[in-house]
Structure formats: structure tokens, C-alpha cells
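Reviewing the structure listed below.
The values are calculated or read from the model by the stated rules, or taken from the named source; none is laboratory data. All of these numbers come straight from a predicted model, not from anything done at the bench. Virtual Cβ from ideal backbone geometry, glycine too; neighbours counted across all protein chains shown.
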Amino acid sequence: MFDRLTVLGHALNEGRLLFRDRAVLERHQSRLAAEHLRWVAVHSPYTAERFRQAGLGVDQWRQLPPIGKAEMMANFGTLNTAGVTLEGVLALARRAEDTRDFSPSLPGNLTVGLSSGTSGSQGAFLVSRAERLQWAGVVLRHLLPGWPAGLLRRQRVAFVLRAEGQLYRSVGSSRLHFKFLDLLRPIDELAERLSAARPTLLIGPPGVLRALLDAGATARPERVVSVAEVLEDADRAALEAGFGPVVEVYQATEGLLALPCAHGHLHLNEAHVHFDFEPLEGGYLRPVLTDLRRRAQPMIRHRLNDLLVLAPGCTCGQAARRVARIAGRQDDALNLPSASGARLTLWPDFVRGALNRVADLREYRAEQVGAAQLHLQLDPDLPGLRAGAEREVRAALARSGVGDIELMFGPLRPDPPGAKRRRVVQSWH
């Protein structure tokens, strides 16, 4: 009961944090940062060492050189403030993945988990009980259909995910019921279980949800929430036609990064996370985040591999910046030769845009497998679709100045069970 009241309190407080004035939001961030950074610098030896090596005081945190996932994992034991080792976290998380029993936690009621590792390096995350409850309140406020009146109705929330968190067992009640659908189960079985669950809120990766539709799943939730993968226009249209209205959540090992507003647009979670951005070619931005509340595993000036495009303003009036598009990961950008022999970078959504123009192509994967070799896996793999894919891809590459490359074709290979869908993959380095 105490957990439920705590979550509700966080959800109600979240309404106070939907700032409409940018200056007020930034003052709020500064107040949080001053307190949070002082605490983290005392309790996280690795963070303190970062400031010492940079010759900076904690009040100069925005000048701290960023780190990425590799540095975080290499220094996990001295970065976290719970005194746990990476070996202990990985052992517990992998045992949970193998047994499909996600109830065990570390001493102190610490939840652990693993990222999917689709970018080649698997990340571990560590979340305290207090952080879980606050996260639940934020999510409840932003995602519950018909908030706040929706609290008075029976809500059935279905998660189609690779791993179940401890959070939902402590928050569930007679009016708020959570159903975990393990996406490692056969798709036909999942489709039957989803239909039987009759969810009012459905959460899962768009690729999996589309596969469930194709397998005959019938559900009419009030809201579908896309997580874990890039949500493309074709996916959104199919899910809205088959299930219902779709919104997107941007979340990663590094935290809860963006949530939908009442108008369905994605906004950065700036009441809790500070974002700086590194500009890249083509108008893309690479986020460098500082979580202003997360203490068990501090995220201070942490660089993501994701590529974002921001949009000006929003009709909802929120001061938090709006995300127009999550374009994919930087490490999935293709590196191809120009006509002069120089190397060119092509971002993932550029390639997706070309293949999305091929009529009747249900699914695909474009994988760079050599210095000038691109393997296109198609579903269905038919001569006409191969010709259409080659035409669209070569035209798009020519517009970008790419020189002669070899295009290879084949049928689409299925993703490993539980893996995120990746339509554009960089396998050659």
C-alpha cells in the first residue's frame, strides 16, 4: 500500500513539473543539479575522479568531458553508489534472463537489468527502490489513458517485453492490473495471450506489435505505446489501424528520456534529465545527458549513440523540447565511398527512407558488410521487389554522392529471439 501511495504522489507531483516557461524549467534544473551533483561527487568515486582529472568543481559540471557506455561499464564498480560489482550485477541479470524469473534483486532492494546489446556492447543498469517508484509515477502520469479520471477505472496494462521489471508487482492493484507477455515465447502464443488480456494500455516494440497483428491478435487498447525501437510512419499507421492510437516513449539503459504530451508529441523528460547536444552532419544531434535524480547509477554527462532531430515548439505549450524524430544510433550509420574515393557517412533513417518507398515491401534489413558492399534482405524476396529496392537505394546513394558499391540481395533472416529490430546495420568497421 505504501508503494502505491508513493507512486500516486509522484504522479500527482508530475503535473507541477510540466513547465510552460523555459526560463522556469531551466532554473528548476539548476536547483536539482546543484544538490544532486554535490551528493554524487561524494558518493561516486569515479565521478569525483572525473571532476578531479578535468580540474573542475561540481558547479562546472556542464564543462565535464562526456563519457559513453564503454567507460561506464569499465568503471561500473566505482561509478555506482550502492557498492555493488559489475560481476554481481551481470550474474543476477543473466540468471534472470535465462530462468525468466525477474523477481530476485540485490541487497537494498536494487533492481538490475541488461540492455539488449544490439549496438555490440551490452549495458547493465541498476535502479533503487526509490527510483523505481518515482519512475512509475512519471510513467503513470504520462501514459495512463484518461488521466486522472482513468485512475477510477479498471486498467489492464499489457507489456510485450524481453524482461519483466519488479516495479509492476509493487504498484498493481484491483484497478491497475499488469500483464507481462514474454516476447521470447512463440508469436502465435503471444497473440492468443494478448487477445485474452484485453488491455486498455498496450506497450511493446513496434516490430513485435506488428508481428502480433499479423498473427491474428485482436485488441482495442485506448493507447498503444511504442518502446525500444525507432517508430517509423509505416509502423505507426499499421498499429493504429489494427490496435488503436499510438504514442512513443524514448527510454534506454541510461534512463527515461522522453515522454508523450497530451497532443501525442514526444518531449524530452527535462524536468528530471538535463540534455546537452553535439551537432552532427545533416542536422542531427547526439545527446549528452545528466540525470538530475538518479543516484544508484549516476548518469553525469553521459553521451548516447542515438541521433535525434528536434522540432520547434508544440501546441501543448510545454517548455520541454520536442523530439521530431529518433533517427537511430550513430554506430549504425553506413560508411561508404564517394566517387572520389573519400568516405561518406549515411545516417540510418536516410537508408530507411529509400527502402520505405518500395511498394509491397513488408520488411527489410540493410546491412553494410564490406567497405563498398551493402546486403539488402527483403521480405518478400521477389525479383520485382529486388529491382525496386535497387532502384530506390542507388538513386538515394547517388544523391548523396556515394560512388559505385556492390548491392547483394537475399531473404530477410529472422532476428534472434528477444533482440531489437534493426533495419539498418553497420557490420563492417
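List of remarks:
- Spans of helices (runs of 4 or more DSSP H) in segment 64-139 with at least 1 residues closer than 30 Å to Arg423 by Cα and charged (D, E, K, R): 69-74, 86-99
- Residue pairs meeting the criteria (Cβ under 6 Å; at least 6 apart or on separate chains; first farther than 14 Å from Val225 by Cβ, in segment 258-274; second among the hydroxyl-bearing types (Ser, Thr, Tyr) and buried (at least 23 other Cβ atoms within 10 Å of the Cβ)): His274/Thr290
- For Trp61, the conditions (1) crowded, with 16+ Cβ neighbours inside 10 Å; (2) at pLDDT 95 or above; (3) under 30 Å from Pro107 (Cα atoms) are fulfilled apart from (3).
- Segment 177-218, residues that are under 19 Å from Leu140 (Cα atoms) and in a strand (DSSP E or B): His177, Phe178, Lys179, Phe180, Leu201, Leu202, Ile203, Gly204
- If only residues of segment 274-309 that are aliphatic (A, V, I, L, M), in contact with a helix residue (DSSP H, G or I) (Cβ under 9 Å, 6 or more places away or on another chain) and not in a loop (DSSP other than H, G, I, E, B) are counted, the one that is surrounded by the fewest Cβ atoms within 10 Å (Cβ to Cβ) is Val309.
- Against the numbered list (1) farther than 27 Å from Glu278 by Cα; (2) of a type in the set (D, E, K, R); (3) modelled with pLDDT of 90 or more, Asp360 comes up short only at (3).
- Positions within segment 385-419 being part of a helix (DSSP H, G or I) and in contact (Cβ under 8 Å) with a residue 12 or more places away in the chain, in sequence order: Leu385, Arg386, Gly388, Ala389, Glu390, Glu392, Val393, Arg394, Ala395, Ala396, Leu397
- Across segment 200-247, the number of residues qualifying as buried (at least 19 other Cβ atoms within 10 Å of the Cβ), of a type in the set (Val, Ile, Thr) and more than 20 Å from the chain's Cα centre (by Cα) comes to 1.
- Hits in segment 39-58 (condition: surrounded by fewer than 12 Cβ atoms within 10 Å (Cβ to Cβ) and not in a loop (DSSP other than H, G, I, E, B)): Arg52, Gln53
- Evaluating Gly264 against the criteria (1) closer than 22 Å to Arg27 by Cβ; (2) part of a loop (DSSP other than H, G, I, E, B) leaves one unmet condition, (1).
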